[in-house]
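Colleague: Have a look at the structure that comes next, please.
Since every read-out is calculated from the coordinates, none of them should be taken as a lab result. Since the structure is predicted, the reported quantities are computational estimates derived from the model, not experimental observations. Virtual Cβ from ideal backbone geometry, glycine too; neighbours counted across all protein chains shown.
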Amino acid sequence: MDSALEADRARALRLIHVSRETEQRLDSLVALLIHWQNRINLVAPATLP
């Protein structure tokens with residue numbers, strides 16, 4: 001995971017407390033978003049580090 005993304009993740013988890021399971025699901029969602037962003041334009045390039 002890229003350092004900017006890791007910093008954003010840490011900042012978000014400090015603001016909003018979620019269960020470990022939810023944290024894992026969010027990590028999976030981010031991984032899928034990054035994976036598919038490389039193939040099709042899902043979000044603006046400036047949105048991802």
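Colleague: Please find, within the range 1-25, the residue that is farthest from ALA46 (Cα to Cα) out of those that are over 12 Å from the mean Cα position of the chain (by Cα) and not in a helix (DSSP H, G or I).
Modeller: Here is the first cut: in the range 1-25, the ones over 12 Å from the mean Cα position of the chain (by Cα) are 14-22.
Adding the requirement that they be not in a helix (DSSP H, G or I) leaves 16-19.
Working: ILE16: 24, HIS17: 26, VAL18: 26, SER19: 29 Å.
Here the residue is SER19.
Colleague: Are there any pairs, at least 6 apart or on different chains, whose C-beta atoms fall under 8 Å, with the first in the range 26-45 and part of a helix (DSSP H, G or I) and the second of a type in the set (D, E, K, R), and if so, which?
Modeller: Close Cβ pairs satisfying both conditions: ASP27/ARG9; VAL30/ARG9.
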